[in-house]
Amino acid sequence: MRHHHNVYVVELSKDVLDEPKFRKCNPAYAPGKPCVYVGMTGLAPDERFDKHKAGIKSNRYVRLYGLRLLPELYAVYNPMPYEAAKEMEVELAIGLQEEGYGVWQG
């Protein structure tokens, strides 16, 4: 069986820090660190990013503030089974938040 689920990380514009809900969820944000969205998908990450930007099953923060994918933060994990991708999405988001990133997890 071929695994086809992926985790992905989208860099968000710093303007997302003007969103009270985003700030509230990132009390340990280290100024200067990237703001990111962490998600998982059955699609290729670039295809999923394009859908976000087009407003298709889109996360609001990615649609409004998404700049580009950051494959250096996720490519090593892909592809994987669905359950592993679900877990990795959470682990990756927590890990980045612990490093001071501003993180929104899908």
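Any read-out appearing in this document is the output of simple, stated calculations on the displayed coordinates, not a laboratory observation. Just so it is clear, the structure is predicted and the values come from calculations on it, not from any experiment. Counting neighbours? That spans all protein chains shown, and the Cβs are built from the backbone with ideal geometry, glycine included.
Observations on the structure shown:
- First in the range 7-20 and free of Cβ contacts under 8 Å to residues at least 24 places away in the same chain, second anywhere and part of a strand (DSSP E or B), Cβ under 7 Å, 6 or more apart: Lys14/Cys35
- Any chance Gly100 is in a loop (DSSP other than H, G, I, E, B), in contact with a Phe, Trp or Tyr (Cβ under 7 Å, 6 or more places away or on another chain) and surrounded by 13 or more Cβ atoms within 10 Å (Cβ to Cβ): yes
- Restricting attention to the range 72-97, the residues that are touching a residue at least 40 places away in the same chain (Cβ under 8 Å) and in a helix (DSSP H, G or I) total 12.
- Top-ranked residue in the range 43-66 [being farther than 23 Å from Glu91 by Cβ and aliphatic (A, V, I, L, M); ranked as surrounded by the most Cβ atoms within 10 Å (Cβ to Cβ)]: Leu64
- Residue in the range 49-58 that is of a type in the set (A, V, I, L, M, F, W, C), farther than 14 Å from Val10 by Cβ and in contact (Cβ under 8 Å) with a residue 40 or more places away in the chain present: no
- Residues located in the range 73-106, provided they are within 15 Å of Val16 (Cβ to Cβ) and β-branched (Val, Ile, Thr): Val103
- For the range 16-67, the set of residues classified as assigned to a helix (DSSP H, G or I), within 26 Å of His4 (Cα to Cα) and aromatic (Phe, Trp, Tyr) consists of Phe49, Tyr61, listed by residue number.
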